[in-house]
1. Being within 24 Å of residue 99 (Cβ to Cβ) and surrounded by 11 or more Cβ atoms within 10 Å (Cβ to Cβ) is the requirement here; does residue 11 meet it?
2. Can you tell me which condition residue 20 does not meet? The list is (1) part of a helix (DSSP H, G or I); (2) without any contact (Cβ under 8 Å) to a residue 24 or more places away in the chain; (3) over 26 Å from residue 97 (Cα atoms), and all the others hold.
3. Considering only segment 30-65, state which residues are modelled with pLDDT of 90 or more and of a type in the set (D, E, K, R).
4. Identify, please: which residue in segment 66-86 is at pLDDT below 85 and β-branched (Val, Ile, Thr) and is, among those, farthest from the chain's Cα centre (by Cα)?
5. Right, residue 149: modelled with pLDDT of 85 or more and either more than 24 Å from residue 76 (Cα to Cα) or not aliphatic (A, V, I, L, M) (or both) or not?
6. Just to be sure, is residue 120 touching a strand residue (DSSP E or B) at 6+ places or on another chain (Cβ under 8 Å) and within 23 Å of residue 16 (Cα to Cα)?
7. Which of the helices (runs of 4 or more DSSP H) found entirely inside segment 31-150 contain at least 1 residues meeting this: surrounded by fewer than 16 Cβ atoms within 10 Å (Cβ to Cβ) and of a type in the set (A, V, I, L, M)?
8. So the check is Cβ under 7 Å with 6+ separation or different chains; which pairs have a first residue in segment 138-149 that's over 14 Å from residue 118 (Cβ atoms) and a second one that's among the hydrophobic types (A, V, I, L, M, F, W, C) and open to solvent by 20 Å² or more (accessible area, probe 1.4 Å)?
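The values are calculated or read from the model by the stated rules, or taken from the named source; none is laboratory data. Just so it is clear, the structure is predicted and the values come from calculations on it, not from any experiment. Heads up, the Cβs are rebuilt from the backbone with ideal geometry, glycines too, and the neighbour counts pull from every protein chain shown. Just the protein is used for accessible areas: all its heavy atoms, side chains included, with ligands, DNA and RNA removed. Shrake-Rupley method; radii C 1.70, N 1.55, O 1.52, S 1.80 Å.
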Amino acid sequence: AKGTGARIPELKQRYAGYRTAREAADNLRMLSAVNGKVKYLRADVSDETAVEAGIGQVAAEFARLDMVLHGAGIQTSKVLARKKLEEYRAILTTKLRGLGNLMHACRRHFADRPVHIHPITSSFSQIGNAGQQDYGAANIAMDRVAQHIAAGPGPWQASSLGWLGWFRIGMTRGSEYATLAILKRL
């Protein structure tokens, strides 16, 4: 308790970062084994300039882009009355502004060749998950954007997939999600 080293919360956060990096590396290895090319760029999707630079890099390097998989998301499970406005906005911004930034950058760099946009959403947005109303609303909005694009007259394509209960991957790594899966009989 009197030590000057890192505290448990800091160590947990550091470990989560290492685990996330390892998961990303494993996914990239797996995706690289299939036909085609996979490019992983790290950028804050809510930062329009960063997204523009990333999509510009893809355009310069490959001259085409077939699909954008938008799976960025953050969430804070809290009763809505206890959630800070900044937390609420951050959750919506990551998903919705992120999707908008990706779509705008793709349209600028690939106007002559439409890109398939695929936001990854969650089935819990339909079922409901306590303390995640904002996360659910953002996912439903992304589903609707994809439906609108898919039904539209333009050449752009879109689809979305409301994932079912993930287990020990992405945001569902914590033990609380294992408990939730048991309670919801997933």
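1. No: the conditions fail for residue 11.
2. Unmet condition: (3).
3. 44, 47, 48, 52, 61, 64
4. Step by step, filter segment 66-86, then rank; the result is 79.
5. Considered against the rule, which asks whether it is modelled with pLDDT of 85 or more and either more than 24 Å from residue 76 (Cα to Cα) or not aliphatic (A, V, I, L, M) (or both), residue 149 comes out as yes.
6. Yes, satisfied.
7. 48-62, 85-92, 124-127
8. 138/92; 138/96; 141/96
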